[in-house]
Amino acid sequence: HYLTMEFIRGESLKDMIGMMGQLSPGQALSVVKQVCEGLAEAHKLGVVHRDLKPSNIMIDREGNARIMDFGIARSLKAKGITRTGTMIGTPEYMSPEQVEGLETDQRSDLYSLGVILYEMVAGRIPFDGETPFSIALKHKSEKPQDPRKINSQIPENISNMIMRCLEKDREKRYQTAGELLSEINKIQEDIPTEERVIPKKRPTISRKITVTFNLKKILIPGVVVAALAVIA
C-alpha cells in the first residue's frame with residue numbers, strides 16, 4: 001500500500017513565527033481562518049487531529065495554510081484507540097483533557113488552535129516550563145495571561161476569542177470549528193484586506209557553480225611524493 005500526496009513548497013508556521021517574532025492580528029487571523037476551515041472538514045468526517053501545532057502547519061509560497069501530520073489523529077466514532085489515562089499530543093499545545101488522558105473531541109483541536117493564535121500575536125506560548133510535564137500541568141490548572149498584557153496592539157475581540165478557546169472547561173469553548181469560523185469572519189470585517197496578507201516565502205534561487213581543476217597542478221605533486229616513497 002502507498003499514499004500519493006501533493007508536494008508543497010513553503011515553510012512551517014513555526015519557522016515563520018521564529019523569523020517574524022509576531023504576526024500582525026490580521027495575518028494571524030488569516031492563518032487561523034484557513035486552519036479552522038481545514039479542521040471543520042476533518043471534524044465533519046469524524047477526525048480529530050490531536051497534535052495541532054505550528055510545526056504541523058505549512059504556509060505555501062502563495063500564503064495558503066496547510067494542516068499536516070494527522071499521525072495521531074483519531075476518529076470521533078472509534079472507541080478504545082487510545083488507552084484512558086495516556087497523554088497524547090505536544091505539551092505546549094495540549095488541551096486540559098489531553099493532559100488528563102480523557103477522551104478528546106473537536107473542542108480539543110480548537111483549544112490547540114487557540115494556543116497557536118496566542119503564540120502568533122503575542123510572540124510566545126501561554127505556558128512554559130522546565131519540563132514537558134510541568135508545561136502540561138499548567139494547561140490543566142493555570143489560567144493563561146491575557147495576551148493583550150504582552151502585546152497591547154492585539155484587539156480586544158481577538159484576545160477574547162483566544163481566551164474562550166483556552167477555557168479549561170470544553171463546554172465553555174467554541175463547540176465547533178464552524179462556530180469559531182463565524183467569529184473569525186465577524187472580526188475580519190473590521191480589518192483592512194491589505195493587513196490580512198500572509199507573507200509569501202520567496203523561492204530559493206540556485207546558482208550553477210562551475211569549478212575547473214588544473215590536473216597538472218593536482219597530479220604532479222602526487223607523482224613526486226610517490227616517487228620519493230619508492231626511493232625511500
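The values are calculated or read from the model by the stated rules, or taken from the named source; none is laboratory data. Just so it is clear, the structure is predicted and the values come from calculations on it, not from any experiment. So basically every Cβ, Gly included, is an ideal-geometry build from the backbone, and we count neighbours across all protein chains shown.
Residues are listed down the side, and each one gets a yes or a no for (1) within 14 Å of the chain's Cα centre (by Cα); (2) surrounded by 15 or more Cβ atoms within 10 Å (Cβ to Cβ); (3) farther than 14 Å from residue 198 by Cβ; (4) touching a residue at least 60 places away in the same chain (Cβ under 8 Å):
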{"residue": "11", "(1), (2), (3), (4)": "yes, yes, no, yes"}
{"residue": "14", "(1), (2), (3), (4)": "yes, yes, yes, no"}
{"residue": "17", "(1), (2), (3), (4)": "yes, yes, no, yes"}
{"residue": "27", "(1), (2), (3), (4)": "no, yes, no, yes"}
{"residue": "36", "(1), (2), (3), (4)": "yes, yes, yes, yes"}
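Of all the listed residues (191, 154), the sole one being touching a residue at least 12 places away in the same chain (Cβ under 8 Å) and over 21 Å from the mean Cα position of the chain (by Cα) is 191.
Against the list (1) in a helix (DSSP H, G or I); (2) more than 15 Å from residue 52 (Cβ to Cβ); (3) in contact with a helix residue (DSSP H, G or I) (Cβ under 6 Å, 6 or more places away or on another chain), the condition residue 160 fails is (3). Here residue 129 fits the description: of a type outside the set (Val, Ile, Thr), within 22 Å of residue 14 (Cβ to Cβ), free of Cβ contacts under 8 Å to residues at least 12 places away in the same chain and surrounded by fewer than 20 Cβ atoms within 10 Å (Cβ to Cβ).
Yes/no per residue for (1) of a type in the set (S, T, N, Q); (2) out of contact with any Leu (no Cβ under 7 Å at 6 or more places or on another chain):
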| position | (1), (2) |
| --- | --- |
| 7 | no, yes |
| 14 | no, yes |
| 30 | yes, yes |
| 36 | no, no |
| 40 | no, no |
| 53 | no, yes |
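Filtering the range 164-174 to residues that are free of Cβ contacts under 8 Å to residues at least 40 places away in the same chain and assigned to a helix (DSSP H, G or I) leaves 171, 172. For the range 116-147, the set of residues classified as in contact with an Asp or Glu (Cβ under 7 Å, 6 or more places away or on another chain) and under 29 Å from residue 195 (Cβ atoms) consists of 125, 127, listed by residue number.
Taken over the range 89-120, the residue count meeting the criterion of being among the small types (Gly, Ala, Ser) and at pLDDT 95 or above is 4.
For the structure I just gave you, tell me whether residue 123 is touching a Gly at 6+ places or on another chain (Cβ under 9 Å), at positive phi and at pLDDT below 95. Against the criterion (touching a Gly at 6+ places or on another chain (Cβ under 9 Å), at positive phi and at pLDDT below 95), residue 123 does not qualify. Tell me the strands (runs of 3 or more DSSP E) entirely within the range 1-75 that contain at least 2 residues that are in contact with a Lys or Arg (Cβ under 8 Å, 6 or more places away or on another chain) and of a type outside the set (Lys, Arg). Hits in the range 1-75: 10-12, 57-60.
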